[in-house]
1. Filter segment 122-169 down to the residues that are among the hydrophobic types (A, V, I, L, M, F, W, C) and in a loop (DSSP other than H, G, I, E, B) and list them by number.
2. Would you be able to say whether some residue in segment 88-108 is free of Cβ contacts under 8 Å to residues at least 12 places away in the same chain, more than 16 Å from the ligand (Cβ to nearest atom) and not aliphatic (A, V, I, L, M)?
3. Does segment 87-101 include one or more residues that are under 17 Å from the mean Cα position of the chain (by Cα), surrounded by fewer than 24 Cβ atoms within 10 Å (Cβ to Cβ) and more than 18 Å from His229 (Cβ to Cβ)?
4. Go through segment 170-209 and give me each residue that's in contact with a helix residue (DSSP H, G or I) (Cβ under 6 Å, 6 or more places away or on another chain) and β-branched (Val, Ile, Thr).
5. So, in segment 170-185, of the ones that are part of a loop (DSSP other than H, G, I, E, B) and open to solvent by less than 10 Å² (accessible area, probe 1.4 Å), which residue ends up farthest from the ligand (Cβ to nearest atom)?
6. Which of the residues spanning segment 45-54 are outside any strand (DSSP E or B) and open to solvent by less than 10 Å² (accessible area, probe 1.4 Å)?
7. Can you name the number of the only condition in (1) away from the ligand (no atom under 16 Å from the Cβ); (2) within 28 Å of Leu13 (Cα to Cα); (3) part of a loop (DSSP other than H, G, I, E, B) that Asp235 fails?
8. May I ask you to list the residues in segment 231-258 that are within 19 Å of Pro121 (Cβ to Cβ) and in contact with a strand residue (DSSP E or B) (Cβ under 9 Å, 6 or more places away or on another chain)?
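The values are calculated or read from the model by the stated rules, or taken from the named source; none is laboratory data. These numbers were taken from a predicted model, which means no experiment stands behind them. Reconstructed Cβ throughout: ideal geometry from the backbone, glycine too, with neighbour counts over all protein chains shown. Keep in mind that these areas ignore ligands, DNA and RNA; they rest on the heavy atoms of the full protein, side chains included. Shrake-Rupley method; radii C 1.70, N 1.55, O 1.52, S 1.80 Å.
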Amino acid sequence: MKLFEPYLIGDLLLPNRVVMAPMTRNRATGTIPQEMAMIHYAARASAGLIVSEATQVSARGQGYQDTPGIHTAEQVQAWRAVTDAVHREGGRMFIQLSHVGRLSHSDFLGAPPVAPSAVRPIGFIRTPKGLKPYETPWVPSASEVRTIVDEFGAAAASASDAGFDGVEIHGASGFLIDQFLQSGTNLRTDSYGGSLRNRLRFALEVVEAVAGSWAKSRIGFTVSPGGNHKGIRDDNPLETFSSLGSALSQEGIAYLHVMEEPIAEMSPAQLVRGSFRGTLVSSGSHTRDSAEEMLQSGAADLVAFGRAFTANPDLVEKLRANARLALPDPKTFYSGGARGYIEAVALKS
Ligand SMILES: Cc1cc2nc3c(=O)[nH]c(=O)nc-3n(C[C@H](O)[C@H](O)[C@H](O)COP(=O)(O)O)c2cc1C
């Protein structure tokens, strides 16, 4: 099967086309990854590529409790232990760099969250002090936006010090980059908003900042064109995301990771395939068969699995043998603790 054939991203050889999708698991202590993370990721080293959980580039970029960062020396050192463990097991690991933007709360930092425009997200957020409505974000000036771009650049350099094999930029899920991209959350009239070209500017500047310490062939980018996370929306998503695909293609980054939430009855992979020439990673409810079908039809080059990896560290071996998969336990996704993370949970299928 194609799923088990090697694949070359730039000069990085993946032994198979199964990607472990980025998954936030809320197991850091004070934003520092723990030994548990080392065990968790190393156990999944047979994946063609592991993408880490979303990792904030700055304190202000955090929007969930107990998520790790990559902006202090202590975090870098802790991540180094994780990447070393993955490499010892023969694996490859990219870090997913994230900033949640408006999806944070002043309870995390004492300052309001930041976003391109003062558009409050729909719904509630779990802060260290309980469940609260989202706040109206603070709007930075253009030069203040540049300082956030620089935070991505510094985090990317730290990711290199931490021994990662590459960087995936989190442009999905209604996070900060997505907020700049989509017209419903970007009402700016300066160089970061107004026209489609200006809405793409922040994303492209982040790519360039990350490229300050990484070859373009080691940079990926996540998008979720069909998502409406916390009410994010765009007036013309087909145009926005196909233009983004073309721009990222021109940038020459290694891959685009597309979350398969249908958009205008189209598969998002189909939408960006037309505009992005690099490697395409598809993620979202894939099975062994749907993954193989994506690869055989040329709709994608790599397929990411998320939840299946939580319960099956040996997912690649099980898929290869067409063995029965253990069922993931959603109760342990964000619960903290060893259960369902480094200890299997037996669920009846
Ligand atoms: C527990 C959990 C945490 C997730 N965290 C992230 C994340 O940090 N970054 C991201 O881009 N996607 C995240 N996702 C989405 C996954 O990467 C993936 O796209 C999604 O789970 C669909 O794949 P699946 O059906 O194989 O699980 C998360 C999903 C789950 C289930």
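1. Result: Ile122, Val139, Ala162, Phe164.
2. no
3. yes
4. Ile177, Thr185, Val206, Val207
5. Thr185
6. Ala45, Ala47, Gly48
7. The one condition Asp235 does not meet is (2).
8. Residue satisfying the conditions is Pro237 alone.
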